[in-house]
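The values are calculated or read from the model by the stated rules, or taken from the named source; none is laboratory data. Note that the structure is predicted; figures quoted are calculated from it, not measured. Please note: Cβ atoms are built from the backbone with ideal geometry, for glycine as well, and neighbour counts cover all protein chains shown. Only protein heavy atoms, including side chains, enter the accessible area calculation; ligands, DNA and RNA are left aside. Shrake-Rupley method; radii C 1.70, N 1.55, O 1.52, S 1.80 Å.
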Amino acid sequence: MHFKYLALAAGGLLALSACSKNEAPVTTAPPVGPGAIAGTVAADRDGDGYVDGYYTADGIYHAVQGPPCPPPPPPTAPRRGERG
């Protein structure tokens, strides 16, 4: 009689084990950089190394509107040589 209950419990555990999910948890996307728009892809159409626009999820290109970014500051002078 106890064997019947043990077989019923084992069958139930086996049936419920098919419902368990061993998938990795979904992580959030990394934060976007300054000036970036979430959900878009940056585009450099002329190949100069600067982003000229971006593509949205539906494949439409949008040009960046506004003045170009200022150039980076010049490198600082090395701290070697004559001091005075």
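Using a probe radius of 1.4 Å on heavy atoms only, what accessible surface per residue do you get for the chain? Whole Å² is fine. Display every interim value, and only then the final one.
Numbers: 8220 Å² over 84 residues.
Per-residue value: 98 Å².
Ignoring ligands, DNA and RNA, please state the percent of accessible area on the stretch 23-75 from carbon and sulfur, probe 1.4 Å. Answer for the stretch 23-75 is 65 percent, counting heavy atoms of protein chains only. A DSSP coil position with no more than 10 other Cβ atoms inside 10 Å describes the following trypsin sites (Lys or Arg not before Pro) in the stretch 1-73: Lys21, Arg45.
Tell me the mean residue ellipticity at 222 nm calculated for the chain from its helices only (DSSP H runs of n ≥ 4, each -39500 (n - 2.57), averaged over every residue, nearest 500). The partial results should precede the final answer.
Numbers: 1 runs with 16 residues, N = 84.
When only DSSP H runs of four or more count, the value is -6500 deg cm²/dmol.
Taking every pair of distinct Cα atoms and averaging 1/r, then inverting, what Kirkwood hydrodynamic radius in Å comes out for the chain?
Result for the chain, one decimal place: 20.0 Å.
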